[in-house]
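Down below is the structure, laid out as structure tokens.
What follows draws every value from the coordinates through simple rules; no lab data is involved. Keep in mind it's a predicted model, so treat the numbers as computed, not measured.
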Ligand code: HEC
């Protein structure tokens, strides 16, 4: 994995699912499993992007609506709007697509 100092690092251009996996383990795994259909506090996120609709609000599963859910949370899920960087969310979504 690339290590770089923010000062000399170019802005991220490509989503990195490995980094997203790290964010998931730190921020999401206590409430969501990434494999199997076990329900923790929230639903399993395996196959999320294979589903037509989000279980929580019925919206189509796409980058924008998943990002919106991460930003706003609700019904037991914290809002990550101000606690996660935009790149972290981009990486997270790339990771969720691999599940
Ligand atoms: C404290 C527990 C908790 C944490 C931490 C948490 N979630 Fe959730 N999450 C939930 C709950 C509960 C729901 C169901 C909410 C609802 O029905 O509106 C949910 C719903 C979701 C959904 C919608 C699933 C669907 O099918 O509608 C997504 C996507 C999601 N979470 C992603 C994440 C991500 C990514 C993280 C980490 C950044 C995260 N969550 C962290 C509890 C949590």
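Observations on the model:
- A Gaussian network model of the chain, with springs between Cα atoms under 10 Å, assigns the largest mean-square fluctuation among 16, 87, 37 to 37.
- Cα gyration tensor shape of region 16-96, rounded if a/c is under 1.5, else prolate or oblate by comparing a/b with b/c: rounded
- Region 9-50: C-alpha gyration tensor shape, a/c 1.5 cut-off, then a/b vs b/c: prolate
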